[in-house]
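Visitor: Take this structure first; my questions come after.
The values are calculated or read from the model by the stated rules, or taken from the named source; none is laboratory data. It should be emphasised that the depicted structure is a prediction, and the values quoted were computed from it without experimental measurement. Because the Cβ atoms are built from the backbone with ideal geometry, glycine has one as well, and the counts that use them run over all protein chains shown.
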Amino acid sequence: MRVVLVLAVLLMFCLPLCLFFSELVSAHRQYLINTSYEPVNAIIIASSVDRYKGSKGAIHYSPRVRYRYDIGGKMYDSERLMAVYVLGDEEWAQGIVDRYKIETDATAYYDPREPSRAVLLKRFSFSPYFHMLMMSFALTGGSFLMLKVWTERSRSVTATGKGWYEVPPKLAAKRRLVIAAVCSAIWYGLGAVSIAHYLTFVPGPHPSWSMTRFEIYGLLGLVPLGFLIRYLSMRRKLTHARSLIDRPRSNSVTGTGQ
């Protein structure tokens with residue numbers, strides 16, 4: 001049982017949290033690359049569109065453009081298109097390939113500290129921020145399930161005297177309050193990190209569709225927040241609710257209480 005619990009914690013909490021910070025690092029690396037790499041003349045030596053099939057059957061496309069540039073008399077080749085790896089539809093990928101045709105001149109951007117590192121386009125992708133929001137969703141859901149299972153693990157009947165026994169509720173009011181508070185904190189805390197980094201490090205004007213995604217994320221967070229407000233307003237009433245029986249069948253019960 002403990003092994004299963006540990007694996008559940010790793011899958012539902014640690015993994016989404018690690019992936020969230022991985023995407024945060026990717027987003028900040030994107031900012032550093034786009035602000036510190038210097039321009040250099042390059043020539044396109046290969047250009048094509050790669051086709052990928054997703055896990056659910058969706059088809060994704062990625063432009064593969066290979067270019068060559070000279071730094072201090074030494075030639076370098078690179079296929080890195082942008083600071084972060086992106087996939088798109090066929091029209092987008094083909095548009096990039098048509099723009100960078102073989103044997104044409106282009107402007108690339110290289111790292112002055114490590115000339116072998118370069119990108120062809122200085123653009124900010126929303127992809128890391130979208131993945132951060134998805135990991136926030138996964139982490140909130142995983143935390144809810146873990147806390148719910150943990151609070152329901154042991155429920156023992158307690159003798160109150162005069163032949164009556166108190167049956168603890170399946171999910172006590174205080175525990176409901178804690179679950180709602182933790183889920184709300186995770187949702188809005190990680191969401192605030194994503195939004196703050198985007199608004200701080202991605203230069204404006206920001207496209208309306210990106211802000212719409214943040215707004216939808218904020219509205220979805222009203223679900224755990226609403227439960228938190230509800231449990232806070234009903235805290236006294238729910239705390240004093242009790243369920244009594246005149247004779248217990250065992251020390252552990254599985255029925256529900258009020």
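Visitor: Do we have any residue at all in segment 159-177 that's buried (at least 20 other Cβ atoms within 10 Å of the Cβ), at pLDDT 65 or above, among the aliphatic types (A, V, I, L, M) and in the same structural domain as residue 19 (by TED's automatic domain parsing)?
Guide: Checking segment 159-177: not a single residue is buried (at least 20 other Cβ atoms within 10 Å of the Cβ), at pLDDT 65 or above, among the aliphatic types (A, V, I, L, M) and in the same structural domain as residue 19 (by TED's automatic domain parsing).
Visitor: Return the only residue of 11, 24, 19, 5 being closer than 28 Å to residue 200 by Cβ and modelled with pLDDT under 95.
Guide: Result of the check over 11, 24, 19, 5: 19.
Visitor: To continue, here is another question. Can you spot a residue in segment 202-224 that is surrounded by 12 or more Cβ atoms within 10 Å (Cβ to Cβ), under 15 Å from the mean Cα position of the chain (by Cα) and not in a helix (DSSP H, G or I)?
Guide: Yes: one or more hits.
Visitor: Checking the structure you have, find out if any residue of segment 84-93 is small (Gly, Ala, Ser) and free of Cβ contacts under 8 Å to residues at least 40 places away in the same chain.
Guide: Within segment 84-93, one or more residues are small (Gly, Ala, Ser) and free of Cβ contacts under 8 Å to residues at least 40 places away in the same chain.
Visitor: Before we move on, is residue 129 surrounded by 20 or more Cβ atoms within 10 Å (Cβ to Cβ) and not assigned by TED's automatic domain parsing to the domain that holds residue 19?
Guide: no
Visitor: Could you tell me whether segment 235-257 includes any residue that is at pLDDT 65 or above, part of a helix (DSSP H, G or I), in the same structural domain as residue 136 (by TED's automatic domain parsing) and within 36 Å of the chain's Cα centre (by Cα)?
Guide: no
Visitor: Are any residues in segment 93-110 touching a strand residue (DSSP E or B) at 6+ places or on another chain (Cβ under 7 Å) and surrounded by fewer than 16 Cβ atoms within 10 Å (Cβ to Cβ), and if so, which ones?
Guide: 94, 101, 102, 103, 104, 105, 107
Visitor: Then there is this: Which one of these does residue 74 not meet: (1) loosely packed, with under 15 Cβ neighbours inside 10 Å; (2) closer than 16 Å to residue 46 by Cβ?
Guide: Evaluating residue 74 over (1) loosely packed, with under 15 Cβ neighbours inside 10 Å; (2) closer than 16 Å to residue 46 by Cβ leaves (2) as the failure.
Visitor: Hey, another quick one. Does segment 99-117 include one or more residues that are touching a Pro at 6+ places or on another chain (Cβ under 6 Å) and touching a residue at least 24 places away in the same chain (Cβ under 8 Å)?
Guide: Yes, that holds for at least one residue.
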